[in-house]
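Every number here is computed from the coordinates shown, using simple stated rules; none is lab data. Note that the structure is a prediction, hence the values are computed from the model and not measured. Virtual Cβ from ideal backbone geometry, glycine too; neighbours counted across all protein chains shown.
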Amino acid sequence: MRSKTRIAFLAATAITALALAGCSGTGGDNAGDSAGDGAATSPTVMKLALNQPETHPSYIALEAFGEQLKEATDGRWDIEVHANSTLGNQDEYLQSVSQGVIDLAIVSAPQLENLNKEFVLFSLPKVFDNIDHQMSVLDDQELVGDVYSSLEESNNISVVGGLTQGERSIYTKDGIVETPADLAGKKIRVQESPVFLAMIEALGASPTPLPFGDVYSGLQSGVVDGAENNEISYFSNKHHEVAPYFSLTRHLVGADFLIINSDTLAEMSDEDRAAFDEGWTAAWEHHTELWKTDTKTAVADAEAGGAEFAEVDTEAFAEALEPLIDEFLTEDSQIALYEAIRSAAE
Ligand code: GCU
């Protein structure tokens, strides 16, 4: 069977791109085939953009998702994961998915915060107690369904669901940071969002926004003195080589989201959509399991590579960040969702 790649460019770009790439159309043909007798047809290969390497749990779980989807839909739908930021940075993914240049992407919560303030909740400290609490919330359509569909009309983006980023901590080039006071005068890389800027400012450091793919060189060249992330992203992106002091501040449990172009989702037949949803559930469960084991391995591997991990005064960090909750939860809908998330933890 001839394999075609489907690229849903808009307007004139579509004609050129499709002619060049020998692509199928925007899916109407596939949707028709898949709703019919179930006979195998040319697959719709959805491109998924990821800013992590192939060793990262997100890559592993999403690759397996693609395989499962292909099998369950008799080859009608497939996912091609593009790792290592080869399709750009996360802020670009939003636009590419919105326009249908690519179908799927993994973006961090702060990127979505720039489109709808309700997503800010998923980046605040003390919202999630731990990964299990977080994943039960991120998979609860009653709690988060409206937020997930909130970008469909405005941006043509549907949020499929969340993946954990685990606990985020601060790492630096020149020594462990035991309390926020040790951060004074340091430039710390942040994700490009108001909440992350405010967070680093509240800790007394200088926030420097940089795309994730530029963090290694930013640390190496001294554009920044440190960054904050989880152990897996730290090791799998080799940041330990240039910032070997990992202070376990555990200031929040971060979230990534799988987003999809809403038109692409609408093209799936009911049967294929059910297979997609089932595959996604298996993927995030797989990811959550991998997360727990890989975090331990990442610490051991980073230590073997010269990194130092140290417990710090987590209470002092939590105290400095506490005002962010009131500062960023200003709308009734945000507060209601925050309270529902908190009661799900109790
Ligand atoms: C985590 C997350 C990424 C995000 C990155 C960042 O590693 O999984 O999606 O881009 O943090 O700090 O930018």
* Hey, can you grab everything whose amide H is under 5 Å from the amide H of Thr208? Only 5+ residues off in sequence or another chain; H modelled, so Pro and N-termini drop out. => Ile188, Arg189, Val190
* **Choice from Thr288, Thr86, Thr164 showing the highest fluctuation, given a GNM over the chain with Cα pairs closer than 10 Å** => Thr86
* Asked: Got the relative contact order for the range 162-248 handy, in percent, Cα pairs under 8 Å and 6 or more residues apart?
  -> 44 percent
* Work out, step by step, the length gained on full extension between Thr330 and Asp174: first 0.36 nm times the residue separation, then minus their alpha carbon distance; give nm to one decimal. => 52.4 nm
* **Under-5 Å amide H pairs with Gly161, H placed in peptide plane, nonlocal only** => Leu258
* **Length-normalised contact order for the chain - Cα pairs under 8 Å, 6+ apart - percent** => 22 percent
* Asked: In sequence order, what are the phi-derived ³J(HN,Hα) couplings for the range 53-63 according to the Karplus relation 6.51 cos²θ - 1.76 cosθ + 1.60 with θ = phi - 60°, rounded to whole Hz, with x for glycine and proline?
  -> x, 5, 7, 6, x, 5, 5, 4, 5, 6, 4
* Asked: Which percent of Cα-Cα pairs in the chain sits in each 10 Å bin, short to long?
  -> 5, 25, 33, 23, 11, 3, 0
* Report, by chain and number, residues whose modeled amide H sits under 5 Å from the one on Asp103, excluding near sequence neighbours (fewer than 5 apart, same chain). => Lys47
* Return a whole-number percent for the relative contact order of the range 187-346, with Cα pairs under 8 Å and 6 or more residues apart as the contact set. => 28 percent
* Structure fact -> Taking Cα atoms only, Rg over Rh for the range 199-304 with Rh from the Kirkwood formula is 1.09
* To do: In whole Hz, with x marking every Gly and Pro, tabulate ³J(HN,Hα) for the range 111-127 from phi via Karplus 6.51 cos²θ - 1.76 cosθ + 1.60, θ = phi - 60°.
  => 5, 6, 4, 6, 9, 8, 4, 5, 5, 4, 4, 7, 10, 8, x, 6, 7
* Over all distinct Cα pairs, what is the inverse of the mean 1/r for the range 96-253, reported as the Kirkwood hydrodynamic radius in Å? -> 16.5 Å
* Net charge over other residues, Cβ less than 11 angstrom from the Cβ of Leu324 (K, R count +1; D, E count -1) -> -3
* Considering the chain as a Gaussian network with a 10 Å cut-off on Cα pairs, which listed residue, Leu252, Leu69, Leu290, attains the greatest mean-square fluctuation? -> Leu290
* the chain: most fluctuating residue of Asn51, Asn155, Asn229 per GNM, C-alpha cutoff 10 Å -> Asn155
* Using θ = phi - 60° and the Karplus relation 6.51 cos²θ - 1.76 cosθ + 1.60, list the HN-Hα couplings for the range 319-336 in order, rounded to whole Hz, with x at every Gly or Pro. => 5, 5, 8, 3, x, 5, 4, 5, 5, 9, 9, 10, 9, 4, 5, 5, 5, 4
* Asked: Quick one: net charge of His240's neighbours, Cβ under 9 Å, K/R +1, D/E -1?
  -> -2
* Asked: Within the chain, what is the number of lysine pairs with alpha carbons under 16 Å apart, leaving out pairs fewer than eight places apart on the same chain?
  -> 7
